[in-house]
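Rule-based calculations on the coordinates, nothing more; no lab input. Because the structure is predicted, anything quoted here is derived from the model rather than measured. In this analysis, Cβ positions are derived from the backbone assuming ideal geometry, glycine residues included, and neighbour counts consider all displayed protein chains.
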Amino acid sequence: MTDSGSSTPGSTPPQGPHDAPPWLGRRTRSGRTGWFVTAAAVVVLGGLVWFAVANKAKPVEDTGGGFGPPGVGGPPGSGGGRGGAAGGKGRPGAVVNIAVAEAGAMPVTVQALGTVTPTATVTVKTQLSGQLMSVGFTEGQVVKKGQFLAQVDPRPYQQQLAQAEATAAKDRAQLVNARMDLKRYQTLLAQDSVSRQQVDTQQALVGQLEAQVKADEAAVGAQKLNLAYTRITSPISGKVGLRQVDAGNYVTAGDANGIVTVAEVSPIDVAFTLPEDVVPKVNQQLAHHAHLAVEVYDRAQSQVLARGTLATLDNLIDTTTGTVRAKARFANADGALFPNQFVNVRLTVEVLKGAVIVPTSAVLRGQNGMFVYAVDSAKAVHIRPVTPGAAQGERTAILSGLSAGETVVTDGTDRLREGMTVAAPPACPPGAGGGAGRGLHKGPGSGGASAYGGRSGGGAGGSAGCRPASAMAGMGGAGMGGTASPGAAPMAAAAAHGRPSDAATGAAPPPAAGGGEGGGSGRLQAMLAELNLDPGQQQKADILFAEAREQAMAQLGDNADPDARRAAMKKAYGAAFGKLSTILRPEQKAKLIEIRARMAMQGGGQGGGGPQR
């Protein structure tokens, strides 16, 4: 009898209705596992491909993006978040400032330190002793040659003159008598009534008396001269100084200080030194009777005091310094130059006519020498080696390597490479402002960033998407997420009120809102407007503050907190103000002190919140 629960060898065991054969079940589980592995591999591989395509590295465009969240963008020009869409459309290539090389006259100048020296200086002293009876001049008066200055008591010298005249009269009478006796002796000698010896003795007496009369006449002349010396007059035309002695004092010829000093100040000279390298060229010009122009500036080199011509060079070169002394002469009709005044001298040695002139900032120094970035018709830049010549202020002559009419880059060269495409920023419309956010790059929005620019599109310095009328116009701009100050008005008094920004969302704050290091831009411009700078001073001020801001931003980097940024900007601007004071006139310096004191009382500083209203 066979057990129903057992099976014979080689037979197939019974199976339930839902059970599959063992071999079939094992084959089905292995197939499913392989399919899942394959599907997972395909999904992972597809994800990697999608991620690589979606995050393919792209060139950084001039978008002015900020640190907002991915995909969140602000209004046009405000800049989007990092990794998200930019608020405005980026420009192709780098935004730079350009200039066109011009052909013109470039003066070759030599600068030196000089001292104003009078053409003649005389210390007026008395030539005899006596009481000073009166003084006939006013201190600081301009006198003419021979004009009365002082009077010494003449009475003693009048008496001495009378005595000398009396002695001379007595001797003349004796001479007349001796001559008459000589004539008698000569008659008697002809009659042989007297000896020859007696006649000769009388002849000698006449000669002796004639000499005595001449001595008496000389004594009379000396006393007349002393009497004339009692009336003291100016030996030259010029300006008298301070009186050294008052009327009533006893004066002598040995007084070291004299009575007064007279200095000839019109014309007047300026003594300075020139390096021996320029001596041959200067001598060549002087040999052809050329009038080399000389300008003298004040201590700050901000104002021309006078213009004149080179008079002469010294006949020896100082071997210890390698320089030669020179003297220039000035009419000084207006009295602008004062004796012993320190001045800065600028001598024009020659004038290069038809020279190619570019802004000095366009000429750069590299490993292979001097070069410029030339811009071709396709807006691409090319490194062009050049040979610079004379430079004067913000202009430099190019001797070779560049032609007139070519375009060169004057600012923004640190980002350029050979063949890169560039674009010039457009002019800012009135009231235009940069976007919000603490940007990494200069943005395309119409902001007020300086041509010297910052690294920010919105918050830390304003967008550089447009070119303000002045290089200082938009320096600063918005704070941490604020909007830039108006860039088109270089002297706009409008500034920002520091308030929290919406940089986290990319939204722009209300117009004129801003803070941080950029909030004081409007105040800075308003202050410069109060100083009434001339064009040359304004240009130097633009460069000073732009460089200060760029240095502060470079030191801070991208991760500094707002307080650190404000402190750094305040310190940088403070140093820039110190340099600015060196190019200001005295009245401008006083105004600068007043303005800075007022700003300090308001608690804003340079780079704080908006101005107090």
Return the long-range amide H neighbours of A423 (sequence gap of 5 or more, or a different chain), with a cut-off of under 5 Å between placed amide H atoms.
A94, V95, V96
Could you grab the relative contact order for region 358-430? Cα pairs under 8 Å, six or more apart, rounded to a whole percent.
34 percent
Counting other Cβ atoms within 10 Å, keep those with at most 12, restrict to DSSP loop, and tell me which GluC sites (Glu not before Pro) in region 249-319 are left.
none
The pairs in K570/K591; K281/K353; K540/K591; K239/K589 lying past 23 Å Cα-Cα in this model are K239/K589
From fewest to most C-beta neighbours within 10 Å, the residues H289, H382 line up as H289, H382
How much length, in nm to one decimal, is gained on full extension between D192 and L45, taken as 0.36 nm per residue of separation minus their Cα-Cα distance?
36.3 nm
Residues M553, M420 in order from fewest to most other beta-carbon atoms within 10 Å are M420, M553
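I need F577, F342, F148 ordered by Cβ neighbour count within 10 Å, fewest first.
Values: F577 19, F342 10, F148 14.
Ranking F577, F342, F148 by Cβ neighbours within 10 Å, fewest first, gives F342, F148, F577.
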Dipole magnitude of region 260-352, debye to nearest 20 (Cβ charges: Lys/Arg +1, Asp/Glu -1, about Cα centre):
100 debye
Compute the distance in nm between two label points, each set 7 Å from the Cα along the Cα-to-Cβ direction, one at Y229 and one at N532.
5.6 nm
